[in-house]
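Comments concern the structure below.
The values are calculated or read from the model by the stated rules, or taken from the named source; none is laboratory data. Keep in mind that what you see is a predicted model, and the values were worked out from it rather than measured. Note that we place each Cβ from the backbone using ideal geometry, even for glycine, and neighbour counts take in every protein chain shown.
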Amino acid sequence: MRKEYEGVAIECVQGNITAQPDIAAIVNAANAQLLRGGGVAGAIHRAAGPGLEQECRPLAPIKTGEAVITGGHNLPNRYVIHCLGPVYGTDKPEAVLLGNCYRNALKLVSQKEIDSVAFPAISAGIFGYPLAEAAEVAIKTVMEEVAVSKPQNLKTVRFVLFGPRDLQVFEETMSRLMPDK
């Protein structure tokens with residue numbers, strides 16, 4: 001699914017975040033130490049190679065909701081933006097902290113004049129954030145940031161969802177929040 005919002009294409013696709021060659025920056029659902037982990041972080045670190053972990057070391061630790069940027073190394077993307085999402089039920093207030101991940105990532109996109117960014121469903125895996133709530137926060141925050149900050153270079157925001165259920169939930173949320181005119 002693809003919709004235009006304030007001059008930016010917002011997309012939902014099913015796929016692998018490390019296989020988005022047409023996107024300048026991908027977002028890592030990172031751990032505080034920015035190390036290889038499971039899920040998205042493990043996949044990104046494996047695909048990027050050991051240089052990514054070396055570049056991440058001096059940037060760690062990061063706090064929940066923060067974002068830092070590195071090069072893409074062996075990925076087809078120029079940049080990786082690392083965000084630490086909240087652990088659901090532990091890090092409070094969850095929605096604010098999750099929104100900060102998307103907000104802070106988009107600030108880095110703007111600062112670096114990046115034209116395209118791909119996000120996973122931050123915190124919706126091992127961190128236990130309910131998928132429908134995570135989709136709501138993600139899409140609303142991206143819409144708010146695009147409307148308020150009017151990023152000059154940004155042309156595409158893509159949500160890359162791992163499974164068909166994740167894709168369906170994000171598409172339903174996007175359809176509700178961005179109805180066709």
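Does any residue of the stretch 52-69 turn out to be surrounded by 21 or more Cβ atoms within 10 Å (Cβ to Cβ), closer than 17 Å to THR141 by Cβ and either within 12 Å of the chain's Cα centre (by Cα) or of a type in the set (A, V, I, L, M) (or both)?
Checked against the condition, which is being surrounded by 21 or more Cβ atoms within 10 Å (Cβ to Cβ), closer than 17 Å to THR141 by Cβ and either within 12 Å of the chain's Cα centre (by Cα) or of a type in the set (A, V, I, L, M) (or both), the stretch 52-69 yields at least one hit.
Among GLU171, GLU113, GLU144, which is the only one that is assigned to a loop (DSSP other than H, G, I, E, B), charged (D, E, K, R) and either within 11 Å of the chain's Cα centre (by Cα) or within 23 Å of ALA24 (Cα to Cα) (or both)?
Being assigned to a loop (DSSP other than H, G, I, E, B), charged (D, E, K, R) and either within 11 Å of the chain's Cα centre (by Cα) or within 23 Å of ALA24 (Cα to Cα) (or both) holds for just one of GLU171, GLU113, GLU144, which is GLU113.
Quick check on LYS155: is it modelled with pLDDT of 95 or more, more than 15 Å from the chain's Cα centre (by Cα), closer than 17 Å to CYS83 by Cβ and among the charged types (D, E, K, R)?
No; evaluated as a whole, the condition is false for this residue.
Restricting attention to the stretch 122-141, which residues are among the hydrophobic types (A, V, I, L, M, F, W, C), assigned to a loop (DSSP other than H, G, I, E, B) and surrounded by fewer than 24 Cβ atoms within 10 Å (Cβ to Cβ)?
Listed by number, the residues that qualify are ILE126, PHE127.
VAL87 - would you say it is modelled with pLDDT of 95 or more, touching a strand residue (DSSP E or B) at 6+ places or on another chain (Cβ under 7 Å) and β-branched (Val, Ile, Thr)?
no
Tell me whether the stretch 75-88 contains one or more residues that are among the polar types (S, T, N, Q) and surrounded by fewer than 23 Cβ atoms within 10 Å (Cβ to Cβ).
no
Tell me yes or no: at least one residue of the stretch 127-142 is in contact with a Ser or Thr (Cβ under 7 Å, 6 or more places away or on another chain), of a type outside the set (Asp, Glu) and either at pLDDT below 95 or closer than 16 Å to LYS3 by Cβ (or both).
yes
Among the residues of the stretch 90-100, write down those that are free of Cβ contacts under 8 Å to residues at least 40 places away in the same chain and either in contact with a helix residue (DSSP H, G or I) (Cβ under 8 Å, 6 or more places away or on another chain) or in a helix (DSSP H, G or I) (or both).
Result: ASP91, GLU94, VAL96, LEU97, ASN100.
Could you run through the stretch 102-127 and say how many residues are touching a Pro at 6+ places or on another chain (Cβ under 8 Å), hydrophobic (A, V, I, L, M, F, W, C) and under 23 Å from LYS150 (Cβ atoms)?
So the answer is 2.
Checking GLY7 against (1) farther than 30 Å from SER175 by Cβ; (2) exposed (fewer than 15 other Cβ atoms within 10 Å of the Cβ), which single condition isn't satisfied?
That leaves (1) as the condition not met.
For the stretch 39-47, does any single residue satisfy the condition of being in a loop (DSSP other than H, G, I, E, B), in contact with a helix residue (DSSP H, G or I) (Cβ under 8 Å, 6 or more places away or on another chain) and more than 21 Å from SER110 (Cβ to Cβ)?
Among the residues of the stretch 39-47, not one is in a loop (DSSP other than H, G, I, E, B), in contact with a helix residue (DSSP H, G or I) (Cβ under 8 Å, 6 or more places away or on another chain) and more than 21 Å from SER110 (Cβ to Cβ), which makes the answer no.
Read through the list (1) more than 22 Å from LEU59 (Cα to Cα); (2) in a loop (DSSP other than H, G, I, E, B); (3) under 13 Å from the mean Cα position of the chain (by Cα), then give the number of the only condition that THR18 fails.
So the condition that THR18 fails would be (1).
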